[in-house]
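Here's the structure, in structure tokens; my notes come after.
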Amino acid sequence: MQRFLALSFVLLLLTACAPQPTGPQSLTVMTHDSFAATDSVIHAFEQANNAKVSFIKSGDAGAALNKAILTKSAPLADVFYGVDNTFLARALSAGIFEAYDSPALSMIPREFQLDSTDQALPVDYGDVCINYDKGYFAEHNLTVPARLEDLTQPAYKRLLVTENPASSSPGLAFLLATIKHFGDPGYLGFWGELHRNGLQVVDGWETAYYTNFSGSSGRGAQPMVVSYATSPAAEVMFATAPLQDSPTASIIGPDMCFRQVEFVGILKGTAHRSLARKFVDFMLGAEFQADMPAQMFVYPVVPAITLPDAFIKYSQIPSQPAMLSPDEIARNRDSWIEAWTNAVLH
Amino acid sequence: MAPEQSGAGPHRASFWLRRGALWLLPLSFLAAFFFLPFIRILAFSLDAATLSAANLRVALATLGFTVYQAALSTLLTLAMGLPAAVLFARFRFPGRSLLHALTAVPFMLPTVVVAAGFNALLGPRGWANLALMRSFGLSSPPIAFVGTLGAILVAHVFYNTTIVIRLVEGALSGLDPKLAQAARSLGADAPRVWWRVILPLLRAPLLAAMLLVFLFDFTSFGVILLLGGPSFATLEVQIYIEALSLLNLPVASLLALVQLLFTIGFSVLYTRTAVRSRIQTAPRAAQSNRRRAATRVEWLFIAGAVLVLSAFFVLPMLALPLRSISRLDADRGDRTAVQAGLTTDYYSELFINRRNSIFYVPPIQAAANSLTYAGASVLLSLALGFPAAAALAKPGRLEKILDPILILPLGASAVTLGLGFIVTFGRWLVHPWMVPLAHTLVALPFVVRTLQPALASLPERLRQAAASLGASPFRSWQAVDWPIVRRATLSAAGFAFTISLGEFGATSLLTRPEYPTIPIAIYRFLSQPGGANYGQAMAMATLLMALTTIGILMIERLRLPGAAEF
Amino acid sequence: MLELSRIHKSFDDQPLLRGVSFAVHRNETVCLLGPSGSGKSTLLQIIAGLESPESGTVSWQGKDLRNTPAHLRDFGLVFQDYALFPHLGVFENVAFGPRMKGWQTDEIKRGVMEVLQLVDLAGFERRAVTDLSGGEQQRVALARALAPRPRLLMFDEPLGALDRTLRDDLILQLRLILTRTRIPSLYVTHDQEEAFRVADRILLLHDGRIVRSGTPREVWESPDSAWAAQFLGLGNILDGRVLKGGRRVQTRDGTFEFKCAHRHRSGDDIRLLLRPTPVVGGSQLVGVAEEIIFQQDKYRVLLSGGLYFDLNAPPKIGDRVRVRVRLECLGVVRSP
């Protein structure tokens, strides 16, 4: 036992005091847990820039932002990816980023450039929509609801599950969509009716999708779940036996989906500014943008990127996604959630 | 010639020095990795404005519910755990070791997996409801489980019964059988023997178990969130929401402070009660008492207890291995046309990096990571736990203050502590030793509580006899202390091992993406849709359960060279 | 009264008790005497109902106790290591039995005080049992067994862990208490001195059977077997052959007259007891003193050849010693 302790102590010292090899510069990228990328794509960047990229995964978007804000004075990383439009104002007011007017910005449509100061640059977007179980609807001869108001009809009693906006990002997104549609305080009436129509509320996406949703492998009880527009495509891409069709689809009526945009920014105080800038350019570049859909199940902000087949076939893009300004969200978020909790949970 | 008896100057100094030395290591560990980060985050985020009456009122109301569900859960856990401890301590029956190990498996399963299992059994489309609906022709599921207080309570019992079993079983098998015989000869029938003689003598381990179970339930997070649902808010859940969703650190810190103060008060109360309950009993060989059922009543008890325990601990978890080998994909894209069939696809899928993700880690690697962290945690906990337990074994005035301090990390907010770690350690956060350190914080109270009674029971006479026969202090320790303490050490190691394997919250905060543990890997799979993801999560969970069961069985069967079992 | 009939019990597949039968009558203290491991404690457990015999019956006043559970037999039990309840004080330990019987509170209080007085522990009620000395603990154990007024008392080597003076004191006290309370008692021990002092009647347990039963005096005077004489330490055991005439016996140490209740034929090989106290008018035996041990009121002299005698005046080592002895017959080993 003593030998083991001695050995591990020595190893500890070595790892802590190993001299930095001269050569590749190191870049640390902090992301949320959902970040994924193809091996070769990252390696290509490393090769091209003589760099070594390491990632720090930090929980969901809120937890990651928290981490970044808490370590503002001594940042843990050089680049932070994962702030979305619901947290954008908060991140900007905390002052964790430094501005970078990347040349790649010129290619990105205006609607995604929510930060005029160019501290947070848009990378991808995704739509939070209601997914429905095609088989269930067919079997019970139900028509797919076309508008948010339809959800309060008795035909859909107890058929919808959503997540608590206080603890879940898609849950919050859906709430914001209803606020955009019904206005404040109109949305509360809507939610009250949903509640009376047997709405199921759970803590987070994993529970809603895999425990409650009948269209997933968890085979739950509700055929409608608040999820992502890309989830139907994922069902096909992540099946072990080839599927001819996706078992689910999204409902994309007007204001029924909420658009989430995700941003990347260079953390203030970074020691590797030029490399960080190159990485940001890389994330906005064609190769990474094309890699994102299959890895993270989001849409690239850069137009004219080739999407995977499954995306084209099974993922629907709403024509009228709901969006609210980041400032408005930051101002009212707490009170909206509190009001919602009172209307639905109590 | 014990140091306590002498009053002379230099002896007194050396006595305090010895005592101080015993406490130095665990205390500095706690100071560095608990107090420092906690105080820093509180100081960082609390401000006068937050301490408003409204906030305090909400905090206290949340505290009320948290205490309520924890107290209820603890009582139910005792009700399940005490008969189970009797079963395992007193009787021999086929399958004993396996059932014993199985009661410990839940302790290290991530909540998301336990929730899936319970849901498969008791959810609206679970086996129980489907069976009932079919047999009685009901249109809607009769059992409402998920989203009720009942689910929270059941899950807590499911998780924590093993704590009661482990702490009480040892004490029970160490009891002198003559005491029960004396009681019987004085006219006490079996129930009265239990009530008046055996249970009072078990008061100390029962109290210790209650303390640990209560604190676990008090700071319970995953169970409340996933099985209770949004209608139930405990302090920890609120802290999580305030801190990580609403980014409202001041309120989160206030709640964390309330939680900590309550824990301090509670553990001080416990220490006072426990000290009074301490009864000296001589060490006994444990094996001698186990036997087969002798009377019909005993046979019924064994059969009943085994049935209940198997149903409770095995059924919910059966869903996981079953699902890991059944086809979970929709057939031809139509979910209602569910295909039957077994498959090992999900297991083989674990070894394929289908998307060539940079973060792919083969399951062997995740298992190895988990085991490495667990091993390090065991070593650390024992290294810190032994001196603390030795100091507590001979209690003095100092111990009354230090004992509650040791328990604190269990009753403190993990989320807040995590944030404290971020603020305090910065870049060191992702150092490989951080994870075992965090695990040790949680495991330490268990280790100390398991070791302490054994160390307290070491008879000075035996050591003196060994010394008079020429044994050096080390050989005396080896021949006298070690056999008595060995069993407790193994039990403590088992605790630390299982706690480390199943820890999720701290680990997700501290680990590097390239060294995921199994619970983290499971969580990763469940955060994306698709049959392959779900199936792999089930497969990993099954692997985790198998790994744990084997690990526990091995620890329990370990026959180290040495004297007789104690 | 208690009656045991043909009790059989094995331990680890080896027969331990092979047909033990005896009775304990009113007002008598019976002592079961036997070497360690002979099954005495097991027998007590069987009587108490804590163990079941393989065959045989235990009955009280003629009623078979087979179906009576231990807690209803009303037999008090005093253990060697006391088995006091460590979580209860002296008062509560002693009050346990009366409580189980459902006595009223004041009855209990009175009974406990009475019995504590009896064992000379008045004033000890509030003490913790773990604080007491060995002798005090044993007396609490006795008080505890006495308090519920059992119809039989059983003692399992109760004085084993105590020192000599304490033991002597307690034996005396015990004897007085037992006489005073008039409860029939069964006292188990391997110490023959204790047995002789306490018992009204002694039972010798050997090889799973009762081989001798009688008052202490009877057993002392006529052990009736070489084993009993050996176990009781009554004296030297000799082998001898009966000579013609049936009155004298030839031994290794000489030829002597011997006393015997039964008649022997010439040529019989018999076992003889040679007590260490010299007898007036007995045959003379000569030997050389090898070792002399001071025993307070006499000297134990070991002769070369192995025999020992207790003499008033010690010879010197190497002296020739003359002793007047009488041999007693213990039984035939072999007849021609």
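The values are calculated or read from the model by the stated rules, or taken from the named source; none is laboratory data. Here the structure is a predicted model, which means the values were calculated and not measured. All Cβ positions, glycine included, derive from the backbone under ideal geometry; neighbour counts span all protein chains shown.
Considering only residues in the range B:189-212 that are touching a residue at least 12 places away in the same chain (Cβ under 8 Å) and basic (Lys, Arg), the one that is surrounded by the fewest Cβ atoms within 10 Å (Cβ to Cβ) turns out to be B:ARG203.
Residues of the range C:80-107 that are aromatic (Phe, Trp, Tyr), facing chain B (nearest Cβ under 10 Å) and not in a loop (DSSP other than H, G, I, E, B): C:PHE96 alone.
Residue by residue, here is whether (1) at the interface with another protein chain (Cβ under 10 Å from one of its Cβ atoms); (2) in contact with a Ser or Thr (Cβ under 7 Å, 6 or more places away or on another chain); (3) among the hydroxyl-bearing types (Ser, Thr, Tyr); (4) free of Cβ contacts under 8 Å to residues at least 24 places away in the same chain holds:
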residue: B:ASN160; (1), (2), (3), (4): no, yes, no, no
residue: B:ILE165; (1), (2), (3), (4): no, yes, no, no
residue: B:LEU186; (1), (2), (3), (4): yes, no, no, yes
residue: B:PHE214; (1), (2), (3), (4): no, yes, no, no
residue: B:VAL223; (1), (2), (3), (4): no, yes, no, no
residue: B:PHE232; (1), (2), (3), (4): yes, no, no, no
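The residues in the range A:46-68 that are within 11 Å of chain B (Cβ to nearest Cβ) and assigned to a helix (DSSP H, G or I) can be counted, and the count is 9. I'd like to know if the range B:523-536 contains one or more residues that are closer than 19 Å to B:PRO432 by Cβ, within 12 Å of chain A (Cβ to nearest Cβ) and touching a residue at least 12 places away in the same chain (Cβ under 8 Å). Checking the range B:523-536: not a single residue is closer than 19 Å to B:PRO432 by Cβ, within 12 Å of chain A (Cβ to nearest Cβ) and touching a residue at least 12 places away in the same chain (Cβ under 8 Å).
Within the range C:220-233, the set of residues being of a type in the set (A, V, I, L, M) and in contact with a helix residue (DSSP H, G or I) (Cβ under 7 Å, 6 or more places away or on another chain) comprises C:LEU232 only. Would you be able to say whether some residue in the range A:184-202 is at the interface with chain B (Cβ under 7 Å from one of its Cβ atoms) and not in a loop (DSSP other than H, G, I, E, B)? Looking through the range A:184-202, at least one residue is at the interface with chain B (Cβ under 7 Å from one of its Cβ atoms) and not in a loop (DSSP other than H, G, I, E, B).
For C:ILE46, indicate whether it is within 21 Å of the chain's Cα centre (by Cα), assigned to a helix (DSSP H, G or I) and free of Cβ contacts under 8 Å to residues at least 60 places away in the same chain. Yes.
Within the range B:243-261, the set of residues being more than 9 Å from chain A (Cβ to nearest Cβ) and without any contact (Cβ under 8 Å) to a residue 40 or more places away in the chain comprises B:LEU261 only.
If you check B:SER97 against the conditions, is it under 19 Å from B:GLU236 (Cα atoms), touching a residue at least 60 places away in the same chain (Cβ under 8 Å) and small (Gly, Ala, Ser)? Judged against the criteria, B:SER97 is not a match. Would you call C:LEU77 touching a Ser or Thr at 6+ places or on another chain (Cβ under 6 Å), hydrophobic (A, V, I, L, M, F, W, C), crowded, with 20+ Cβ neighbours inside 10 Å and at the interface with another protein chain (Cβ under 10 Å from one of its Cβ atoms)? Judged against the criteria, C:LEU77 is a match. Of all the residues in the range A:106-141, those that are hydrophobic (A, V, I, L, M, F, W, C), touching a residue at least 60 places away in the same chain (Cβ under 8 Å) and farther than 29 Å from A:GLU262 by Cβ number 1. Of all the listed residues (A:SER217, A:SER231, A:SER227), the sole one being without any contact (Cβ under 8 Å) to a residue 24 or more places away in the chain, buried (at least 24 other Cβ atoms within 10 Å of the Cβ) and within 12 Å of another protein chain (Cβ to nearest Cβ) is A:SER217.
Taken as a whole, the range C:102-109 holds no residue that is under 32 Å from the mean Cα position of the chain (by Cα) and surrounded by fewer than 20 Cβ atoms within 10 Å (Cβ to Cβ).
Filtered by the rule that a residue be farther than 11 Å from C:THR29 by Cα and charged (D, E, K, R), the range C:180-219 gives C:ARG180, C:ASP191, C:GLU193, C:GLU194, C:ASP207, C:ARG209, C:ARG212, C:ARG217, C:GLU218. Would you mind stating whether A:ALA310 is farther than 13 Å from A:ASP124 by Cα, within 12 Å of another protein chain (Cβ to nearest Cβ), crowded, with 18+ Cβ neighbours inside 10 Å and not acidic (Asp, Glu)? Yes; evaluated as a whole, the condition is true for this residue.
Right, C:SER5: in a strand (DSSP E or B), surrounded by 15 or more Cβ atoms within 10 Å (Cβ to Cβ) and hydroxyl-bearing (Ser, Thr, Tyr) or not? The answer is yes for C:SER5. From the list C:ARG144, C:ARG164, C:ARG201, the lone residue that is more than 30 Å from C:ILE108 (Cβ to Cβ), out of contact with any Lys or Arg (no Cβ under 8 Å at 6 or more places or on another chain) and in contact (Cβ under 8 Å) with a residue 40 or more places away in the chain is C:ARG201. Consider the range C:279-304 and keep the residues that are in contact with a strand residue (DSSP E or B) (Cβ under 7 Å, 6 or more places away or on another chain) and of a type in the set (D, E, K, R). The one that is surrounded by the fewest Cβ atoms within 10 Å (Cβ to Cβ) is C:GLU291. C:LEU44 satisfies every condition listed in (1) modelled with pLDDT of 90 or more; (2) over 24 Å from C:GLY134 (Cβ atoms) except (2).
Among residues of the range C:52-74 being polar (S, T, N, Q) and without any contact (Cβ under 8 Å) to a residue 24 or more places away in the chain, the one that is surrounded by the most Cβ atoms within 10 Å (Cβ to Cβ) is C:THR68.
Quick check on A:ALA290: is it within 22 Å of A:TYR228 (Cα to Cα), touching a residue at least 12 places away in the same chain (Cβ under 8 Å) and out of contact with any strand residue (DSSP E or B) (no Cβ under 6 Å at 6 or more places or on another chain)? Against the criterion (within 22 Å of A:TYR228 (Cα to Cα), touching a residue at least 12 places away in the same chain (Cβ under 8 Å) and out of contact with any strand residue (DSSP E or B) (no Cβ under 6 Å at 6 or more places or on another chain)), A:ALA290 qualifies.
Could we say that A:VAL144 is buried (at least 24 other Cβ atoms within 10 Å of the Cβ), in contact (Cβ under 8 Å) with a residue 40 or more places away in the chain, β-branched (Val, Ile, Thr) and closer than 25 Å to A:GLY218 by Cα here? So A:VAL144 fails the test.
Take the conditions surrounded by fewer than 21 Cβ atoms within 10 Å (Cβ to Cβ) and out of contact with any Cys (no Cβ under 8 Å at 6 or more places or on another chain) and apply them to C:VAL211. Does it pass? The answer is yes for C:VAL211.
Just to be sure before I move on: is A:PRO170 within 9 Å of chain B (Cβ to nearest Cβ) and farther than 25 Å from B:ILE352 by Cβ in the structure I sent? No.
Only one entry of A:ALA271, A:ALA241, A:ALA276 meets the criterion of being in contact with a Leu (Cβ under 9 Å, 6 or more places away or on another chain) and not acidic (Asp, Glu), and that entry is A:ALA276.
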